[in-house]
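The values are calculated or read from the model by the stated rules, or taken from the named source; none is laboratory data. Predicted model, so just to flag it, every value in this text is computed and none were measured. Cβ: placed from backbone, ideal geometry, glycine included. Neighbour counts: every protein chain shown. Ligands, DNA and RNA are stripped out before the accessible areas are found, and what is left, the full protein with its side chains, is counted by its heavy atoms. Shrake-Rupley method; radii C 1.70, N 1.55, O 1.52, S 1.80 Å.
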Amino acid sequence: MLKVAVIGSGPAGLYAAEALVKQAAALPSPVPVRVDVIDRLPTPYGLVRYGVAPDHKSIKSIAQYLRKVLESPDVRFLGGVHLGEDVTRDELVSAYDAVIYATGAMRDRRLGIPGEDLSGSYAATDFVNWYCGHPDVDPDAFTLDAESVAVIGVGNVAVDVARILARDPAELHATDVPQPVLDALYASKVREVHMIGRRGPAYAKFTTKELRELGELPGVEVVVHADEADLNAFDSSGEGAALAEADRRVRGNLVAISKWAQGEASGPAPSGHSRRLTVRFWLRPVEILGTERVRGITLERTAIDADGKFGGTGQLETLDTQMVLRSVGYQSVPLPGVPFDSRASVVPNELGRVLGPDGAPLPGEYVAGWLKRGPTGVIGTNKSDAAETVRCLLEDLAGGPAAGDTQLPRPGLLKFPDAAASDDGEWPLEAVFAGRGITPVSYDEWLRIEAAEAQLAQDLGRGERVKLHNRDAIWSACRPEGR
C-alpha cells in the first residue's frame, strides 16, 4: 500500500492525485495507492473555484472533472487543515510514503514604486479573490467608488479584472458570484478602465479568445492608441514583428488590437457606451500619486532600441485614476519547513523531486504545479506537469518506469481502477488530528456546502449556484452543529 499526501486541492493537486491512482494501477506490477488531499480551506478546487472569473463558465466546468478525482474510493479530501499550524512537514513525511506539495501561487508580484501602498492600490489577486468569494477576503473589501481604474498588466488575469470592472453586472446575475459582490458591482461608479502593458502588443501574454471577449461586452467601448498598436513605433529591434510572424496567438491578438486602434477616441464615451476600456502599451508605472489614497498614476514611455535593449525613454504622462490594480505576475509563498528558492519563488526540484540544500533529492518529497515550475501555462498544463512528478514518484517508490523506459499514458487516458485499495486500518495522521482536536472537513461535508450554494441560488432566483460569501457561512453550511 502506497500512502501519499497531496498538499493543495487545486488543479495541480487533484491532477497529481488522479495520476497517482491511475498510473500506479497501470504499472506492470500494479500498486494499490491511497491518497489524502489536504487543503487549508474547507472547499476544494483551488484556482478553479477562487481564481476563474464567474463569467467563464466553460473553464469553471473543469471542477466537474476534478470532482471525479475526489470521488475515487482511493482518494480522501481533508479540508480545513493548515500545513504549519495543524500539521507539520515532519509529521507528514513520517506518516506517508510520499508528500506532493501543490499549493500554487497565491501572491501578486509588487511593482516596487512609490505610492504602491496607498489606499486604493491593490494586488489583482485580492480583487479576483473578492469577486470569486474567497473566504480570506471580506465581501466588503471593495466598494468601487472610483470612476477611473488602472489595471497594470496585459495577461489573462488583467483581462479578467478589466472585464469584470467594465461588464454590465446584470450579465453576472446567473453566475455564482456572491450576492454582496454583485450588489457592489451594481453600485460601481467605474466608467473608465485602463489596462496598461510595459511592452508592445506582440509581447502581451493574454490569449486571443480572452482578448476578443473585451470587444464583445455590450455598452463598452474598447480603445487602443494607434501608435501603440504599431509594431515598429517603439521597437527598433524588429523583435515584435518577428514574433507576429512566428506565433499564431500573437497574430490573432493583433487582429483585434488593430481593429480597436482604428476607432481610437479621445473625448467622452459616445452615446450607447456606458463604459470605456482603454488598452495601453509601451508604458510602465513609475509612481502612484496621492497622499492618503490614490488620485493618479505616472507612467513612463518605454521602447526597445535597435540592439534589443528595453528601457524607459524619460517621456512621462499622468493618468487620473482613483484605483490601481497590479497584475504583473503571481508568486508562490514558502511552506513551513519546505525548501524554497526565494529568487525564483518555487520549491527547488528536478522533474518534481524536491531538492535539499545540497542539491540532492529529498526522499519522499515532491512538488507539482506553479509551486514547481512558476506561474506559467493554463489550467490544463498542470495535468502533464503532475504526471511528470508522479512518474518520478512511482519510479522511486513503486518500481515504475525509469526515465529511459516506455512511459505510461497520461492520466486522462487511463481509467480509475475498478476496486479500491483494501483497508488496512486507520488512515495516516488520524491519531495526530484526534490528539489536537482537529476534525478535517470531509468530502461529504463539502457536498453540504455545494447544496447550500444551490439552495441560495434558488432563493435568490439566480442560476445554479451562488457562492457563500464568507468563512462563517461556509462553516455553518458544512457543520450546522458547529465545528
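Laid out as a table, the results:
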item	result
Residues of the range 1-39 classified as open to solvent by less than 10 Å² (accessible area, probe 1.4 Å), part of a helix (DSSP H, G or I) and closer than 10 Å to V390 by Cβ, total	8
Residues that are closer than 23 Å to L289 by Cβ and of a type in the set (D, E, K, R), drawn from the range 136-156	D145, E147
S188 vs. criteria more than 30 Å from G312 (Cα to Cα) and part of a loop (DSSP other than H, G, I, E, B)	yes
Residue match in the range 140-148 (condition: at pLDDT 95 or above, among the small types (G, A, S) and on the phi > 0 side of the Ramachandran plot)	no
Yes/no for V181 being hydrophobic (A, V, I, L, M, F, W, C), part of a helix (DSSP H, G or I), under 25 Å from G329 (Cα atoms) and without any contact (Cβ under 8 Å) to a residue 60 or more places away in the chain	no
Residues that are more than 21 Å from D341 (Cα to Cα) and open to solvent by 10 Å² or more (accessible area, probe 1.4 Å), drawn from the range 367-388	V378, I379, G380, T381, K383, S384
Every residue from the range 40-58 that is among the hydrophobic types (A, V, I, L, M, F, W, C) and either touching a Cys at 6+ places or on another chain (Cβ under 8 Å) or surrounded by fewer than 16 Cβ atoms within 10 Å (Cβ to Cβ) (or both)	V52, A53
Of all residues in the range 346-366 being outside any strand (DSSP E or B) and within 18 Å of A398 (Cβ to Cβ), the one that is most open to solvent (accessible area, probe 1.4 Å)	L351
The range 94-137: number of residues that are among the aliphatic types (A, V, I, L, M), within 24 Å of G79 (Cα to Cα) and over 16 Å from the mean Cα position of the chain (by Cα)	4
Residues of the range 298-334 satisfying the condition of being farther than 26 Å from A233 by Cβ and at pLDDT 95 or above	Q322, M323, L325
Counted residues, the range 310-338 - those being surrounded by 19 or more Cβ atoms within 10 Å (Cβ to Cβ) and not in a loop (DSSP other than H, G, I, E, B)	6
Subset of the range 283-309 that is open to solvent by less than 70 Å² (accessible area, probe 1.4 Å) and assigned to a loop (DSSP other than H, G, I, E, B) - its residue that is farthest from D108 (Cα to Cα)	D305
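Residue by residue, here is whether (1) closer than 14 Å to F281 by Cα; (2) among the aliphatic types (A, V, I, L, M) holds:
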| site | (1), (2) |
| --- | --- |
| A204 | yes, yes |
| L211 | no, yes |
| P218 | no, no |
| V223 | yes, yes |
| N232 | yes, no |
| G240 | yes, no |
| L243 | no, yes |
